[in-house]
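Asker: After the structure tokens below, expect a handful of questions from me.
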Protein chains: 2
Amino acid sequence: MKPLSIKDIAKAANVSITTVSFILNGKAEKMRISQEMITKVEKIIKELGFRPNQVARSLRTGNTKTIGLIVEDISNPFFASIARLIEDKAYRHGYKIIYSSTENNLDKARGLIRMFKSRQVDGYIIAPMTGMEEDIRDLLKDRTPVVVFDRHLPGLEVSTVLVDNSEGTYLATQSLIEHGKKNIAFVTVDVEVEEIKDRYAGYENALKSKGITPDTEICKLIPFTNTADETTAELIDFFTKNPRIDAVLFATNYLAVRGLFCFKEMNKQVGEDFRVIAFDDHDIFKLHSPNISAVYQPIEDIADQVISLILKELSVVDVFEETEFKQVVLSSTLIER
Amino acid sequence: MKPLSIKDIAKAANVSITTVSFILNGKAEKMRISQEMITKVEKIIKELGFRPNQVARSLRTGNTKTIGLIVEDISNPFFASIARLIEDKAYRHGYKIIYSSTENNLDKARGLIRMFKSRQVDGYIIAPMTGMEEDIRDLLKDRTPVVVFDRHLPGLEVSTVLVDNSEGTYLATQSLIEHGKKNIAFVTVDVEVEEIKDRYAGYENALKSKGITPDTEICKLIPFTNTADETTAELIDFFTKNPRIDAVLFATNYLAVRGLFCFKEMNKQVGEDFRVIAFDDHDIFKLHSPNISAVYQPIEDIADQVISLILKELSVVDVFEETEFKQVVLSSTLIER
DNA sequence: TTGAAAGCGCTAACAT
DNA sequence: ATGTTAGCGCTTTCAA
């Protein structure tokens, strides 16, 4: 039960494999193969259910029609949604996605790039982490299309899709101040990436613009490696020790979820007296009583931009054409609830 | 800047490509290649950073070390979590995952199998839908490893990992009855698959065992194709028209989430007087006030079983050995909150 | 103990 | 307008 090959089709149609190959690749016209021959061969292909071996094709042509997707954790709703949209759009252009989660582990991330490279993926979509600069630069040096999103690596010239992180936290902080809040806490994660720093910057700038001095005491840094329970415990400790806090801005949605667990356990009422805003939206926030406001990242736009950038780079035929890197910054918006 | 090939290594080491190949594949010992040669070649490989071209290797050996994962929607938290765990475990065994979402579209699903086939994936992990029976049977006929999970197709002999759906809804319904509920509604989706039917069966059986006659009037079928808003609207209508309902069992977690939105909008207090249980857990249920009980599906167990089944089938060397299909049914448990 | 060479299935330059 | 054939990078049989 060996699968059919192009040879079998050629034999069945009494033509050479070249003819079959041309027809398969839509080059029949250009090669002026007769219409009746085309029809005949196509009929046989359909009847026998022949599908060309993509691996052989890849070896020959050098492209695999595969895009490698590297994110921190594919089960994170933000990445899962993006993955879904990217998959969908890539699929329509004949590309498949191979994904992998870095677990925020640099060694694993770099290993993934090498592994994808040995599998000859045509392009990379990466939510990068600090330390991957050199690896990405190597890819670019080989003229491999790379699009980076969600995070930005300073000094790395590559096509990038980001949301304006500082804008989001600026708006959120401003809104809290306008609600009369005086002691606005900022809960963030200890990952050293620009986006997280930017989120802090937006918070800080909004405070300063209103003449408030940022108070590091009510700025809480949560280790990325924490388990959910550890985070909840740390937050309980933090809010217990700082009862003057009258509003919180969480730098990520999963931290905000932990925060809500924490307030629940503390019997701390969220509401007008104690406002909470999360960065990145989540169904939970809409359902929570009272509603939790959130900074919304335009997921569909992000996916759209990412995929159209990568497809554009993938379609560049002229290898000598200088690729220009495109930076896309999307607005985040504050959803007041 | 052409990537290195095994030829370059052979040249650099002044040996034949055969020798390099044997060393690369750990067959050096068996071939009694001298230790110093091995060390020397390995050193060169490392120095030059050579990585064998996996595509060429695949063409030659016939296996791609790739597993195709087909689910309804990779962004659904249930599938996203499974995808993450499967990816992780597959990775440790040298396998990569290519995924695709069927969107519950039969044509797309069948197309995906064909596409994966042309990409020579070594095995398939599928959360199937009705109509795929023949395609899966074709794969099995070609002795391709397939593991099916989450859903079961009657009459299809294939390794399967399921949770005991009827057990979950039986336990949930029983618990509601024990809380004195008399009019227990069942909200489900109109997808014609065994698992969904089983969930209804568990509900029905629990009622009957307590001498209650199931009342179709308070059993609500929601179209799968509904948007979130449409579902919420239908639910509001349903609960408004049936005020006697004193408890609800939702057949899926996303329906339960819609239900919570609906109750919120209706200002209907969930609690002792109106109990809600969801099938499949979700962070939202833990955070909701009051807490929502849920039937928990052991995600990690599912992923474990799926991956160990597929790896076992993948490792079967003797093609003539009759494969035996293994059916794994995992218990679901009721988490009372 | 190592090397030469066939061949996996396909594409495309070249030949006819 | 269609056929012949080299070769993509690798594994593996067979020969030396």
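FYI, it's all coordinate maths here, none of it is from the lab. None of these values were measured; they are calculated from a predicted model. When we count neighbours, we look across all protein chains shown, and the Cβ atoms used for this are built from the backbone with ideal geometry, even at glycine.
Asker: Using Cα springs under 10 Å in a Gaussian network model of chain B, which residue among B:K326, B:K182, B:K43 shows the largest mean-square fluctuation?
Answerer: Of the options given, B:K43 has the highest mean-square fluctuation.
Asker: Calculated FRET efficiency, A:F325 and A:N104, Cβ-Cβ r, R0 22 Å, to nearest 0.05?
Answerer: Computed FRET efficiency for A:F325 and A:N104 comes out at 0.30.
Asker: Have a look at B:N104, B:N183, B:N226 and tell me which one the Gaussian network model of chain B (Cα, springs below 10 Å) gives the largest fluctuation.
Answerer: B:N226
Asker: Run through all the Cα pairs of the range B:6-59 and give the fraction in each 5 Å bin from 0, expressed as whole percent.
Answerer: For the range B:6-59, the pair-distance distribution reads 4, 20, 34, 25, 13, 3, 0.
Asker: At a 10 Å Cβ-Cβ cut-off, how would you order A:V55, B:V187, fewest neighbours first?
Answerer: Values: A:V55 23, B:V187 27.
By the 10 Å Cβ count, ascending, the order reads A:V55, B:V187.
Asker: May I pose another question? Per q in 0.18 1/Å, what log10 I(q)/I(0) does a Debye calculation on the alpha-carbon atoms of the range B:1-144 return?
Answerer: The computed values of log10 I(q)/I(0) come out as -0.99.
Asker: May I ask which residue of A:F285, A:Q35, A:M132 lies farthest towards the positive end of the charge dipole of chain A, with charges of +1 (Lys, Arg) and -1 (Asp, Glu) on Cβ and the Cα centre as origin?
Answerer: Farthest towards the positive pole: A:Q35.
Asker: Turning to a different aspect of this structure: Averaged over its residues, how many other protein chain Cβ atoms are within 10 Å of peptide A:57-69's Cβ atoms?
Answerer: Per residue, the average neighbour count from other chains is 3.
Asker: What are the GluC sites (Glu not before Pro) within the range A:254-337 that DSSP puts in a loop, where the Cβ has at most 14 other Cβ atoms within 10 Å? Could you put the intermediate results ahead of the total?
Answerer: Working: sites: A:E265, A:E272, A:E300, A:E313, A:E321, A:E322, A:E324, A:E336; in loops: A:E272, A:E321, A:E322, A:E324, A:E336.
Loop-located and lightly packed - A:E272, A:E321, A:E322, A:E324, A:E336.
Asker: Can you pull out the chymotrypsin sites (Phe, Trp or Tyr not before Pro) in the range A:263-314 that DSSP calls coil and that have at most 13 other Cβ atoms within 10 Å? Display every interim value, and only then the final one.
Answerer: Values: sites: A:F263, A:F274, A:F279, A:F285, A:Y296; in loops: A:F274.
The qualifying sites: there are none.
Asker: Taking the axis that carries chain B onto chain A, what is the nearest Cβ in chain B, and at how many Å, to the whole number?
Answerer: Spelled out, residue of B and its Cβ distance from the axis onto A: B:A80, 2.
Asker: Full-extension gain between A:K312 and A:K43, please, as 0.36 nm times their residue separation minus the C-alpha to C-alpha distance.
Answerer: Values: separation 269, 0.36 × 269 = 96.84 nm, distance 3.40 nm.
Fully extending the segment from A:K312 to A:K43 adds 93.4 nm.
Asker: Give B:K141/B:K197; B:K43/B:K65; A:K43/A:K65; A:K30/A:K326 a once-over and call out the pairs whose C-alpha atoms are over 31 Å from each other. Could you put the intermediate results ahead of the total?
Answerer: Details: B:K141/B:K197 29 Å; B:K43/B:K65 26 Å; A:K43/A:K65 26 Å; A:K30/A:K326 35 Å.
Correct reply: A:K30/A:K326.
Asker: Here's another thing I want to ask about it. Between A:F149 and residues 5 or more places away or on another chain, which pairs have amide H atoms under 5 Å apart, with H built 1.01 Å from N, and which residues are they?
Answerer: Those qualifying (amide H under 5 Å, at least 5 residues apart or on another chain) are A:I126, A:A127, A:V161.
Asker: Given label points at 7 Å from Cα along Cα→Cβ, what nm distances, shortest first, separate A:R92 from the same residue in every other copy?
Answerer: 3.9
Asker: Arranged by the count of other C-beta atoms within 10 angstrom, fewest first, what order do A:H93, A:H288 take? Each step should come with its number before you reach the end.
Answerer: Values: A:H93 14, A:H288 24.
Placing the least packed residue first, the sequence is A:H93, A:H288.
Asker: Treating chain A as a set of equal point scatterers at the Cα positions, no solvent, please give the Debye-formula log₁₀ I(q)/I(0) at q = 0.07, 0.14, 0.15 Å⁻¹.
Answerer: Result of the Debye calculation: -0.41, -1.08, -1.19.
Asker: Ignoring everything except DSSP H segments at least 4 long, calculate the 222 nm mean residue ellipticity for the protein assembly as shown; use -39,500 (n - 2.57) per segment, divide by total residues, nearest 500. Let's see the in-between values first.
Answerer: On the way: 26 runs with 311 residues, N = 674.
Only helices count here, giving -14500 deg cm²/dmol.
Asker: If you don't mind, another one. What do you get for the angle between helix B:106-118 and the principal long axis of chain B? Use alpha-carbon atoms, 0 to 90 degrees, nearest ten.
Answerer: So the inclination is approximately 10 degrees.
Asker: Got the B:K108 label distances to the other copies yet, label 7 Å along Cα→Cβ, in nm, shortest first?
Answerer: 2.8
Asker: Find every distance from the label point of A:I38 to the corresponding label point in the other copies (7 Å from Cα along Cα→Cβ) and write them in nm, one decimal, shortest first.
Answerer: 5.8
Asker: Here's a follow-up. Rounded to the nearest 20 Debye, what is the dipole magnitude of chain B about its Cα centre when Lys and Arg each give +1 and Asp and Glu each give -1 at the C-beta?
Answerer: Values: 43 positive and 50 negative charges, 376 e Å.
Dipole magnitude for chain B comes out near 1800 debye.
Asker: For a quick check: sort A:S209, B:S34 by the number of other beta carbons within 10 angstrom, fewest at the front. Numbers along the way, then the final one.
Answerer: On the way: A:S209 12, B:S34 9.
Exposure proxy ranking, most exposed first: B:S34, A:S209.
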